[in-house]
Structure formats: structure tokens, C-alpha cells
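In what follows, a structure is listed as C-alpha cells, so that the remarks can point back to it.
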Amino acid sequence: MNLKDSLTDHFRILPAQQKALKKINLETIQDLLYHFPTRYGDTAEVSAIADLKKGDQAVIFGTISGLKTSKAFRKKIPMAEGSVDDATGKIKIIWFHQAYLAKMIGEGSNVRVEGKVSETRPTERQKSFGQGNGQLYFSNPKVETAPDLFTQSKTHSLYPIYPETRGVTSNWIYHKIQNIMSRGILDSLVDPLPKDILETYHLPDLRTALIYIHTPQKEEHAEIARKRFAFEEIFFIQLERQQMRHEFKKQKAFVIDKKLQDLKPFIENFPFKPTQGQIKAIKQNLDDFKRGHPMTRLLEGDVGSGKTAIAAATTYAVTTSRPKGQDFGTLQTAYMAPTEILAKQHFESFIKYFSKLPINIALITGSGCRKFPSKVNPGGWTDISRTQLLKWVANGEISVVIGTHALIQKSVKFKHLALVIVDEQHRFGVKQRMALLRRNDTEKTQNNTEKDNRSDLIYKDLSYIIRGTLFDIKKNLGLGHKEQIYQKAFEEELNKRRIVFNREKQIPIIYNRKKIGVYQPDFIIDEKIIVEFKALPFIGTRKTKQLWTYLKGSEYKLAFLVNFGNELEIKRVIYDKARISASSQRESVSIPHLLSMTATPIPRTLALTLYGDLDLTLLDEMPAGRKKIITEIIIPERRESAYRDIKTELEAGRQLYVICPRINEPDPDKEITVQAKSVTEEAKRLKKEVFPEYEIGILHSKMKPTEKEAVMLDFQNKKIDILVATSVVEVGVNVENASLIIIEGAERFGLAQLHQLRGRVLRGTHQPYCFVFADTKSDKTVRRLDALKTAKNGFELAEFDLKERGAGALAGGKQWGVSDVGMEAIKNLKMVEAARFEATKIIESDTDLENFPTLKEKLQERTIKIHFE
Ligand code: ADP
Ligand code: MG
């Protein structure tokens with residue numbers, strides 16, 4: 001047995017189980033070993049059946065028998081029953097509506113039952129015999145087949161409970177893990193963490209930690225093991241980030257030699273006096289600019305703290321600098337925003353900031369391009385074609401380009417891109433950040449560029465043809481054939497379409513620069529795209545990874561993994577050497593400086609981890625004279641009077657946002673649908689019952705971009721007084737007159753998120769109000785929400801969230817690619833700092849990890865995994 005072996009190699013796994021396993025990302029032996037319990041049950045909590053009383057919330061262990069399903073005779077409800085006995089007695093179990101649960105348990109197996117003890121009403125007969133009590137039973141309890149270990153030999157009292165999914169129970173997982181561990185695989189494990197680190201921080205080695213986490217003898221075992229794995233995860237994230245940082249800092253960057261003094265005329269032109277924090281942030285950027293290596297800085301500041309002005313001043317320093325050895329032209333800046341509306345807004349504010357300077361500013365979004373200044377419309381902008389924009393950006397005539405994702409398309413090439421600004425950087429991945437940093441095209445000739453574009457196109461066309469062909473084959477042949485049949489059909493189709501292909505070509509597999517084997521792809525189309533066929537129930541990430549590895553050893557960049565399984569599934573796998581090792585290939589090219597900006601308040605520990613590759617600037621000061629939002633926590637009774645207060649403000653001409661509560665749905669599609677519905681309904685209710693005299697608009701993610709934009713414009717132009725929206729949808733526009741916000745179901749949000757939501761009313765000159773509607777009166781909730789009234793800024797609230805509710809409260813730990821165990825470390829500043837310190841030490845002495853082969857291998861594995869998830 002090997003760690004990398006697929007589970008199917010060693011266990012008989014039913015198709016349904018296989019699907020379930022895929023869903024929770026368990027494919028290999030290693031995956032399973034790293035599937036940690038979410039908690040531990042304690043057999044010490046177990047009650048004896050004889051001691052149970054009505055109303056108890058209890059756990060029992062015993063043997064189950066007498067399982068049968070039936071219909072409750074009166075109401076025709078499907079139900080099932082059985083009984084459990086231990087050494088002291090016997091108790092009945094009844095499932096209503098969930099008869100299938102009984103079918104999942106084997107007659108006579110050992111079970112753990114957890115639930116509430118109920119009692120039947122005593123029958124007349126029982127009463128007449130003087131018995132006041134009915135019969136005790138468990139109604140819809142949680143029943144798990146319990147590992148026999150715990151019911152028979154009580155070697156330890158803690159048993160693991162694993163995250164499960166329909167089709168794979170905790171118990172199944174438990175037994176598989178026990179089986180794996182009993183086969184001696186633990187002895188063959190190599191601990192990726194260096195020994196001295198384990199010793200310094202008193203962490204158990206891998207073998208011990210795995211035993212401790214899956215079969216702890218006592219609470220502390222589980223704890224120390226989790227601590228180790230939490231450290232391990234953060235350590236690897238740090239290694240990765242520090243490696244990136246190191247690589248990045250080695251690069252050459254444009255030296256921009258400007259002093260704060262040089263920026264004075266620009267800053268003095270601001271329509272306000274900058275805060276100390278803003279000046280400090282600008283100065284930090286200027287300092288970084290002088291080093292000859294690229295800046296990588298993250299500017300964290302609350303909504304409204306004035307980050308745009310910092311971005312503008314920093315851009316000014318760039319646009320007033322000449323390319324090296326030139327006495328004409330300027331260095332260029334790219335400014336990327338997450339939405340079209342924000343990009344347009346930045347474009348407008350930059351026009352104001354830069355109107356007196358002789359530079360061109362452009363906007364590029366999915367729906368078109370603009371340029372300022374305009375020849376035909378002095379003082380304003382004009383629409384230009386994309387082609388025109390690309391040309392002017394490539395020849396350096398445009399100094400500042402603002403845009404959405406459209407900015408990172410390959411076709412956008414710069415002449416002297418010296419600064420990249422990314423707004424709301426959490427919305428962009430590391431990959432996208434990197435993509436934008438590799439856009440200078442100084443080496444390539446114009447011809448080369450054209451050729452590149454053409455080959456891009458051929459790929460696109462070819463991909464399109466391949467897909468079409470595959471769907472034709474599916475239509476003609478249907479599913480259920482062997483993979484060879486599909487290959488033959490594909491060959492036929494390719495011949496018919498006169499597309500060149502190769503079925504013989506061998507790709508060497510390189511290891512340590514040695515050829516250790518070959519791989520022969522099913523097809524290589526037109527010497528460009530590899531196509532690999534499968535006919536499996538499903539294809540897991542293992543196959544994709546494999547293909548990725550093959551690409552890595554080849555000259556090809558693109559592969560299709562085609563599976564004629566339950567459905568036709570086509571996966572694209574890309575390995576772009578040019579992108580991954582662009583740094584080494586083009587060492588002579590200067591890399592732009594990077595300024596990321598975010599208003600998402602996250603705790604320091606998380607920032608250190610996620611943004612380990614960046615330097616942090618914290619902007620924790622608000623412009624003076626800014627009105628403070630008056631925040632009120634509204635319990636249900638006070639709703640009416642709050643509505644009255646709001647009406648007074650509406651009558652005075654103000655506008656109102658209503659944010660509908662967060663809805664937790666595991667399925668994102670479903671969540672969007674449910675949200676859309678709740679927004680629509682709330683808008684109807686408000687119109688009918690509360691604000692009949694006002695215009696109400698809605699905004700949710702099911703709407704088309706053009707619809708959204710129209711609504712936001714109406715709100716901005718006060719055609720709409722009240723905007724009902726979901727918490728996820730970015731309102732985007734800055735509506736100064738909207739000084740009121742209601743947040744419904746506030747107890748379902750983290751404080752930091754509430755803080756961010758209310759930031760929307762901070763923009764105007766009117767006194768802003770935030771009404772935090774809680775559906776509960778619980779003291780604890782109200783007290784928690786009260787922090788919104790006292791906290792100085794969002795970061796304080798984020799820390800508060802972390803302390804009060806744990807890492808889970810930080811909206812979507814998963815979205816950051818940190819596991820539950822890893823998030824535990826986030827609570828622990830010391831641990832995060834230690835992981836960072838150790839990782840930095842290693843990377844500084846040995847960037848490529850040549851002396852740490854196990855670390856290196858594990859790090860690569862992680863990168864591949866993240867690449868695909
Ligand atoms: P954010 O940090 O959320 O991006 P913005 O840059 O959009 O904030 O600034 C919000 C508003 O505050 C803008 O209208 C801007 O003009 C204004 N502003 C920025 N800095 C100051 C300041 N020092 N004094 C007064 N107003 C400021
Ligand atoms: Mg902003």
C-alpha cells in the first residue's frame with residue numbers, strides 16, 4: 001500500500017460511495033489519512049438504558065434489532081422502528097419520515113444512538129393498572145454504526161466523528177482509516193516537517209500525530225495532534241508565499257525616484273486635506289519604488305478611508321517618470337477593479353485628479369473602451385475601439401489604464417508597465433495578480449506579438465472543433481462503450497475534418513533532469529493539444545493531475561481529458577511554462593510594482609498567512625470630520641418605531657438600502673435563487689406594508705449586468721428611494737444621498753461583514769444611520785452586535801469575531817483555501833508567527849528547497865492540488 005494509491009486499489013467501493021468520496025475530495029490513501037475528525041465523542045457520556053428518563057438528551061451504545069419499516073397507520077407517514085439493548089435494558093427507536101435510515105443499518109450491529117428520549121402517552125389500560133407512565137423511546141435520533149472497539153473493549157473513551165456525506169458514514173471512514181493504519185503504512189511515512197522545528201515547538205511527529213488524531217487516548221492527544229497539523233498547514237502556505245515573495249523580490253523593477261516633495265503640487269490639488277495615514281501610505285510606496293526591485297504591498301483600509309487618493313498619488317509618481325534612457329513618454333499604470341461599475345467610478349475620479357496633466361487615461365471593460373482626454377469633447381472622455389486602445393497601450397501613448405478582468409487578457413500588452421494597482425484584492429486570486437504583472441512586451445517585436453495572437457486563436461478554434469466533434473460522437477454513439485470505441489470514432493471524425501493528429505508520439509517523463517519513462521497520449525492534435533480518453537464512472541483529480549504532470553514534461557500547453565462516463569465530461573488542463581517560469585526566461589524585463597488594496601477587514605493572523613507574500617500597510621484612520629454612522633441594534637419589538645424613524649429621514653429626501661439576510665445553502669446556485677426570492681418578497685412586503693408611498697427597486701445576483709446597472713443608475717438618480725439587495729451583490733455606485741441602511745437578520749453575519757455592509761452609507765454629507773435588525777432578543781446576540789457601536793474600525797471587529805465566534809465566523813474560511821484545522825491556527829498569533837518565521841528562514845537560505853526534498857515535494861503537491869480546486 002502506498003500513500004498515493006487510489007482508495008479503489010485497496011477497498012471495494014460502490015459507485016455511490018465513490019461519488020460521495022469524490023464530493024468530499026477523498027481519492028487516495030493519503031487523502032483519507034488526512035481526513036480529520038471534526039470532533040470526538042466520549043464514551044464517558046454514555047448512559048445506561050435503564051437510567052434513561054423522559055426528556056433526556058442522551059447517548060447510548062448497544063446492539064440494534066427488530067428493524068422494520070411501516071406506515072404510521074393513521075397519517076400514512078412512512079416510518080421505521082427498531083430497538084437497542086445494552087447490558088441494562090432495551091429501548092425502542094422510531095424514525096418518522098426517514099424510514100430509509102433504518103435500511104442503512106444492519107440488523108444486529110453495534111450502534112451509537114444520540115437524541116432525545118420521549119415517552120408515549122400511557123394507554124387507558126396502563127392507567128387502569130395504576131401506571132402513570134407510557135413507554136420510553138427515541139424519536140428520530142442520530143444513529144451511527146459504532147466502531148466495535150468502543151462497545152466491546154473500552155480501550156479508550158474518545159472515538160472520532162468524521163465529516164461525512166450521504167453515502168459515506170463516519171463509521172465507514174473510521175474503519176477504513178483503522179484498516180490503513182493497521183497495514184504498517186505509518187512506518188513508511190516521511191515527516192515533511194524538519195525535526196528541529198518539531199522539537200522547537202514541541203509538536204508530535206507525523207506518525208504520532210496521525211495516531212493521536214484518529215485514535216486519541218485522551219483529549220490532549222487530539223489537541224496536540226491538531227496543533228501539529230494546523231502548524232503544518234500554515235507553514236506550507238507560508239513556504240509557498242515566501243517562495244513567491246523571494247522570487248518576486250529578486251526581479252528587476254523600474255526605479256521611480258520621486259520624493260514626497262515632488263508630489264506636493266498634486267496632493268495640494270486634492271479637494272481635501274489628506275490624513276496622516278494617507279501621507280504615510282504614499283510615502284511607503286515611494287520608498288519601495290526606489291529599491292530597484294518590485295514593490296509588493298497590500299494596503300488595508302476601511303471603506304471610505306480614502307484609498308483611491310493614495311492610488312492616485314502613487315500613479316502620479318509613475319506617470320511623471322520617464323522610461324529609462326528616454327526623454328519622452330511616461331511609465332504606465334494599470335488599475336484593476338472587480339466590477340465594471342467600480343472601474344468606471346475610478347476612471348471618473350482619475351479624470352478629476354489628473355485633468356490638468358498632459359496624460360492619457362483609458363478605461364477597458366467587457367462592454368467597451370473609453371479614453372480621456374477626448375479630441376472632440378474637451379474636458380471629457382470619448383468611446384474608442386478596443387483595437388485602438390490596445391494599440392495605444394502597447395505603444396505607450398496611454399499612461400493609465402483602468403479596467404476590470406478585461407485588463408488581464410493576454411492581448412493587453414504594455415510598453416512600460418511600471419505599476420499595477422489591484423482594488424479589492426481579495427476578489428482576485430494570486431494567479432490573476434501574477435498574470436497582470438507579466439504584461440510588458442518590450443522584448444518582443446510587433447511581428448512576434450501578432451504571431452502569438454494568431455496561435456492563440458488557432459488553439460481556440462481547434463478547441464472548439466474538438467469539443468464539437470466529441471459531442472457529435474456522443475450523439476451518434478451514446479454512452480456506455482469502451483474507450484477504444486470512442487477513440488476510433490474520434491479518429492474517423494478527425495480524418496473526415498482533415499485535422500492532423502498523432503497517436504504514436506511519446507512524451508518523456510523527466511525526474512531530476514533524467515528521463516525515467518515515457519507516456520504516450522491517445523491523441524496529439526495538430527501538434528498542439530493532447531487528448532486523452534477515458535470511459536469511467538467519473539474522473540477524479542488524480543487523473544487530471546497526472547495529465548498535468550505529463551504536460552509539464554512536454555512541449556505542449558493544453559490537454560483535454562475526455563470521459564465518456566455517466567455523462568460526457570471534458571476537462572481542460574493547462575500547463576503554461578511561459579507563465580510559470582516567465583521570471584527566469586525573461587530576467588532582463590522589468591516587473592511592475594504591485595499595490596493591492598482591500599477594505600475587507602480580516603484579523604492580523606489571517607492577513608499574515610494569506611498575504612504572506614505582501615508587505616502590509618494599515619490605513620486605520622478615517623478622514624477628519626467624517627460623520628460617524630449612528631448604529632442601532634433593533635430587536636423585533638422595536639421594528640415599528642425604527643420604521644417610523646426611517647420614514648422621517650425618507651421624508652427629508654434621503655434614500656435607503658435594505659440588505660436581506662444571509663442564507664446559508666451548501667449549493668451556491670440554490671443560494672442565489674433563494675436570495676433572489678427573499679429580496680423580491682421583502683421588496684413586495686415593504687411596498688405593501690411599510691413604505692407604500694416610496695419607489696422600491698431590487699438588486700440580486702440573478703439579474704443580468706445590464707439590469708443591475710439600470711437599477712443602480714435609477715437609485716443614483718433618485719428614481720428609486722429604497723433599494724432592496726442581497727448582501728453579496730456589490731452595489732458599486734457611490735450614492736451620496738443614501739444615508740440609511742437596514743440590515744435584516746443581522747445575527748447571521750459576522751461583525752466585520754456587518755461593518756462592511758454599513759460602509760455603504762458613509763459616503764455622503766448627511767448624517768448616516770444603520771439599523772441592525774436582529775430576529776432574536778437573545779442578550780448574547782445583542783451584546784455581540786453592540787460592538788458595532790463602539791469599535792474603532794473593521795479590523796477591531798474582525799479580531800472580535802475571531803475571539804467570540806472562532807475562525808468559523810470569518811466569512812468563508814474555505815474560500816481562502818484554508819482547511820478547518822488550518823483555521824484553528826488563525827486563532828493563535830504565536831503559531832502563525834512561528835510558522836512564518838520558520839518558513840522565511842528556510843526560504844532565505846534555500847529558496848528552491850534543494851536541501852529539503854520532502855518539503856519540496858509536498859509543496860509541489862499542494863500547488864497542484866490548489867491549481868485544480
Ligand atoms: P475607499 O478607501 O473606500 O476606496 P475612497 O477612496 O473611495 O475610499 O474615498 C471615499 C471618499 O472620501 C471619497 O469621496 C474621497 O474623495 C473622500 N476622501 C478621501 N480622503 C479624504 C480626506 N483625507 N479628507 C476628506 N475626504 C476624503
Ligand atoms: Mg475603494
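The values are calculated or read from the model by the stated rules, or taken from the named source; none is laboratory data. Please read these numbers as outputs of a predicted model, since none were measured by experiment. With ideal geometry, Cβ positions are generated from the backbone for all residues, glycine too; neighbour counts draw on all protein chains shown. Accessible surface is based on the protein model in full, side chains and every heavy atom, while ligands, DNA and RNA are left aside. Shrake-Rupley method; radii C 1.70, N 1.55, O 1.52, S 1.80 Å.
Is it the case that the stretch 752-765 has a residue that's hydrophobic (A, V, I, L, M, F, W, C) and over 22 Å from LEU619 (Cα atoms)? No, the stretch 752-765 has no match at all. There is no residue in the stretch 738-760 that is assigned to a loop (DSSP other than H, G, I, E, B) and either within 16 Å of ligand 2 (Cβ to nearest atom) or open to solvent by 30 Å² or more (accessible area, probe 1.4 Å) (or both).
Somewhere in the stretch 384-407, is a residue away from ligand 2 (no atom under 16 Å from the Cβ), polar (S, T, N, Q) and modelled with pLDDT under 90? Scanning the stretch 384-407 turns up no residue that is away from ligand 2 (no atom under 16 Å from the Cβ), polar (S, T, N, Q) and modelled with pLDDT under 90. Selection of first residues in the stretch 1-22 that are open to solvent by 90 Å² or more (accessible area, probe 1.4 Å) and of second residues that are hydroxyl-bearing (Ser, Thr, Tyr), restricted to Cβ pairs under 8 Å at least 6 apart or on distinct chains, gives the following pairs, ordered by first then second residue: LYS4/THR28. If you go through the stretch 342-352 and keep only what is within 12 Å of ligand 2 (Cβ to nearest atom) and either open to solvent by 20 Å² or more (accessible area, probe 1.4 Å) or within 23 Å of the chain's Cα centre (by Cα) (or both), you end up with LEU342, ALA343, GLN345, SER349.
The residues of the stretch 761-785 that are of a type in the set (S, T, N, Q) and in a loop (DSSP other than H, G, I, E, B), listed by number, are THR765, GLN767, THR776, SER778.
For beta carbons closer than 9 Å, sequence separation of 6+ or different chains, a first residue in the stretch 521-549 that is farther than 18 Å from VAL500 by Cβ and a second that is at pLDDT below 80 and acidic (Asp, Glu), the qualifying pairs are THR541/GLU869; LYS545/GLU861. Scanning the stretch 363-381 for residues that are in contact with a Ser or Thr (Cβ under 9 Å, 6 or more places away or on another chain) and within 22 Å of PHE266 (Cβ to Cβ) yields LYS371, PHE372, PRO373, GLY379, GLY380, TRP381.
For the stretch 769-781, residues that are open to solvent by less than 30 Å² (accessible area, probe 1.4 Å) and at pLDDT below 90 total 1.
Among the residues making up the stretch 332-341, those that are within 14 Å of ligand 2 (Cβ to nearest atom) and of a type in the set (A, V, I, L, M) are MET336, ALA337, ILE341. Here the condition is being within 12 Å of ligand 1 (Cβ to nearest atom), of a type in the set (D, E, K, R) and more than 30 Å from PRO603 (Cα to Cα); of LYS371, LYS307, LYS375, LYS352, it holds for LYS352 alone. Does PHE248 satisfy the condition of being more than 16 Å from ligand 1 (Cβ to nearest atom) and within 30 Å of PHE837 (Cβ to Cβ)? Yes; evaluated as a whole, the condition is true for this residue. If you go through the stretch 322-341 one residue at a time, do you hit one that is at pLDDT 90 or above, under 33 Å from the mean Cα position of the chain (by Cα) and open to solvent by 10 Å² or more (accessible area, probe 1.4 Å)? Within the stretch 322-341, none of the residues are at pLDDT 90 or above, under 33 Å from the mean Cα position of the chain (by Cα) and open to solvent by 10 Å² or more (accessible area, probe 1.4 Å). Of the residues making up the stretch 378-389, just one is touching a residue at least 24 places away in the same chain (Cβ under 8 Å) and either more than 17 Å from LEU357 (Cβ to Cβ) or within 16 Å of ligand 1 (Cβ to nearest atom) (or both), namely LEU389.
Look at (1) modelled with pLDDT under 70; (2) open to solvent by 60 Å² or more (accessible area, probe 1.4 Å) and you find that ASN440 fails only one, number (2). Among the residues of the stretch 121-158, those that are open to solvent by 80 Å² or more (accessible area, probe 1.4 Å), at pLDDT below 75 and not in a helix (DSSP H, G or I) comprise PHE129, GLN131, ASN133, GLN152, LYS154, THR155. Scanning the stretch 617-648 for residues that are open to solvent by 60 Å² or more (accessible area, probe 1.4 Å) and closer than 17 Å to LYS792 by Cβ yields LEU618, ASP620, GLU621, MET622, ALA624, GLY625, ARG626, LYS627, LYS628, ILE630. Looking at the stretch 235-267, which of its residues are open to solvent by 50 Å² or more (accessible area, probe 1.4 Å), of a type in the set (D, E, K, R) and either within 23 Å of VAL821 (Cα to Cα) or in contact (Cβ under 8 Å) with a residue 12 or more places away in the chain (or both)? Within the stretch 235-267, ARG245, GLU247, LYS249, LYS250, LYS252, ASP257, LYS259, ASP262 qualify. Applying the criterion of at least 1 residues that are open to solvent by 60 Å² or more (accessible area, probe 1.4 Å), more than 30 Å from LYS4 (Cα to Cα) and in contact with a Phe, Trp or Tyr (Cβ under 6 Å, 6 or more places away or on another chain) to the strands (runs of 3 or more DSSP E) found wholly in the stretch 32-115 leaves 89-96. Count of the stretch 345-377 residues, restricted to those that are farther than 22 Å from VAL412 by Cα and touching a His at 6+ places or on another chain (Cβ under 9 Å), is 0. Applying a threshold of 6 Å to beta carbon distances and a minimum spacing of six or more residues, or different chains, the list of pairs starting in the stretch 390-413 at a residue that is open to solvent by less than 20 Å² (accessible area, probe 1.4 Å) and ending at one that is small (Gly, Ala, Ser) and in a helix (DSSP H, G or I) reads ILE402/ALA343; GLY403/ALA343; THR404/ALA343.
Checking each residue in the stretch 160-180 for being assigned to a helix (DSSP H, G or I), under 21 Å from LYS4 (Cβ atoms) and open to solvent by less than 30 Å² (accessible area, probe 1.4 Å) picks out ILE173, ILE177, ILE180. Residue-level check: of (1) modelled with pLDDT under 95; (2) within 14 Å of ligand 1 (Cβ to nearest atom); (3) not in a loop (DSSP other than H, G, I, E, B), THR314 misses just (1). Of the helices (runs of 4 or more DSSP H) lying entirely inside the stretch 204-299, the ones with 3 or more residues being under 33 Å from the mean Cα position of the chain (by Cα) and more than 25 Å from MET831 (Cα to Cα) are found at 219-250, 276-289.
Would the stretch 719-731 turn up any residue that is closer than 23 Å to ILE341 by Cα, of a type in the set (Asp, Glu) and open to solvent by 50 Å² or more (accessible area, probe 1.4 Å)? Within the stretch 719-731 (the criterion being closer than 23 Å to ILE341 by Cα, of a type in the set (Asp, Glu) and open to solvent by 50 Å² or more (accessible area, probe 1.4 Å)), the answer is yes, since at least one residue qualifies.
Taking LYS371, is it closer than 30 Å to LEU788 by Cβ and either away from ligand 2 (no atom under 16 Å from the Cβ) or buried (at least 23 other Cβ atoms within 10 Å of the Cβ) (or both)? Judged against the criteria, LYS371 is not a match.
If the condition is being over 12 Å from HIS700 (Cα atoms) and either aromatic (Phe, Trp, Tyr) or not in a helix (DSSP H, G or I) (or both), then the stretch 659-690 contributes PRO661, ARG662, ILE663, ASN664, GLU665, PRO666, ASP667. What tally of residues in the stretch 298-331 results from selecting those that are more than 16 Å from ligand 2 (Cβ to nearest atom) and either closer than 27 Å to MET244 by Cα or in contact (Cβ under 8 Å) with a residue 40 or more places away in the chain (or both)? Qualifying residue count, the stretch 298-331: 11.
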